[in-house]
Each structure stands twice: as C-alpha cells, then as structure tokens.
Amino acid sequence: LYSAVAGQTMESTGIENYTAFIFPGLVVLVSFSACSSGGIMNYLMKSDGSFYRILIAPIRRSAIVLGQLLETILCTFLEISIMVSLLFSVRIAAGIGEFGIILLLIFLTAFFMSGLAYGISLILPNEVVYETVMNAIVLPVFFLSTALFPANEIDGVLGTIINLNPFTHVINALRSLILYGYIECGELFFVIILFTFMAGSSFVWALHRLKKETA
C-alpha cells in the first residue's frame, strides 16, 4: 500500500517500479521485526521458568545462544518468503549464484540483529521496556538508510549518517542483486566482511550476557 501511494511521487526520480526499489529495504525491515521479536522469547521463558531450567542443563552456553538465534533467523526467512509471494510486481533478476549471495546477506543481517536483540533482552527488566528500546534502535536505523529512497543527492549531516549506516550498504547490495543480478566485487566483499564481523560481535556479546546470568 505504501509503495502504491509513494510510487506516484517517485516517478520524477526515474524509478519505474517503486515496489521493486523498496523491496530490499522491506527484506531488512522484516529481518529487524522478526529478530526483535525473538528477544521476547527470553521474557516468556523466564516467566514460565524454562529459561532457568535450560541454564542448569548440561548444555554449552554457546549452543543455547546459537539455537535461539538460528530459530529467529528461520522465522526471518519464513516471513520473507511470505512477503515475496505477495509482491507479484517484483521480478528478481538474480541467477542461482546471486540468489545464494542474497541468502547469505540476509542470514548475516538477521544473525547480527538476533544476537543484538538477545543480548539487550538480558539487560532490560521487562518486555515493555525492551520493545521501546528496540523500536528506538530499529526505526532510526531503517529510516536513515536507502530503504525507501535513493540517497545520491542527499548531502550534509544526513548524507553522512546514511552513508555510515551499515544497513545502507547491505540494502544497496541486495538491491543490486535483486533488481539487476549484478554487484561489484569490491562492494560485495566489503558488505560481507562488515556484517560477518558485526554478526560475530553480536554473538560474542549475547554469549557474554548469558554467562553473566549465571555468574
């Protein structure tokens, strides 16, 4: 609905299919939403006591974190699959190899967000505060990126913030692969290395927060 309305105002920018243009941004937004909801599981598990039963079980802490992160990532891919089936006007130009790269980029993005959400959920006292904090993180990051508009002509402070936003780069990479089936190797390697580091860092931090629960 948003793309149908806003697309009429974007014709002057040369964007013929605005739904296809914002599709990569919607993929990242769905990832944000699914991964943020994943942190709610910790509060539900604490309320019924299963969280603490898992902590005393003979299971590695890394396996506990990784299992919950992978569950959230699976939910992300399921939601994206549903969204793809609804956006009939979007034609994905990527071949098999490029499609694999798209899946890798979505996986790294979701892994980072789910690790971040997991760690934050172990800091904040309840799900109300958690949802408020996650919205305060997700919404500015989403809107200060190229998810909904081209940022080529934006300069000044806003332009700098958009260019420094790591999600701008992954959205641009997904857009190139989905719409054109091509991306420059340098840009692709940069995004993969950046999000591999971010995903690894969020996992280490989430594991650290879980270990503090039993300290």
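Among the residues of segment 190-212, is there at least one that is touching a Leu at 6+ places or on another chain (Cβ under 8 Å), crowded, with 19+ Cβ neighbours inside 10 Å and among the β-branched types (V, I, T)? Yes, segment 190-212 has at least one match. Can you name the residue in segment 43-80 that is hydroxyl-bearing (S, T, Y) and closer than 18 Å to F111 by Cβ and is also most open to solvent (accessible area, probe 1.4 Å) among such residues? Among them, the one singled out is S62.
Checked against (1) modelled with pLDDT of 90 or more; (2) among the polar types (S, T, N, Q); (3) over 20 Å from T168 (Cα atoms), T109 meets all criteria but (3). Looking at this structure, is L86 open to solvent by 40 Å² or more (accessible area, probe 1.4 Å) and at pLDDT below 90? In short, yes.
Please work out if F203 is closer than 17 Å to V27 by Cβ and touching a residue at least 12 places away in the same chain (Cβ under 8 Å). It is false that F203 is closer than 17 Å to V27 by Cβ and touching a residue at least 12 places away in the same chain (Cβ under 8 Å). Residue check: V157 meets all listed conditions (1) open to solvent by less than 80 Å² (accessible area, probe 1.4 Å); (2) assigned to a helix (DSSP H, G or I) but one, namely (1). Annotation: I59 fulfils all but one of (1) closer than 20 Å to E127 by Cβ; (2) of a type in the set (A, V, I, L, M, F, W, C); (3) not in a helix (DSSP H, G or I); the unmet one is (1).
Select from segment 160-189 the residues that are open to solvent by less than 30 Å² (accessible area, probe 1.4 Å) and more than 28 Å from I96 (Cα to Cα) and list them in ascending order. Matches in segment 160-189: I162, N165.
The values are calculated or read from the model by the stated rules, or taken from the named source; none is laboratory data. Note that this is a predicted model, so its numbers are computed, not measured. So basically every Cβ, Gly included, is an ideal-geometry build from the backbone, and we count neighbours across all protein chains shown. Keep in mind that these areas ignore ligands, DNA and RNA; they rest on the heavy atoms of the full protein, side chains included. Shrake-Rupley method; radii C 1.70, N 1.55, O 1.52, S 1.80 Å.
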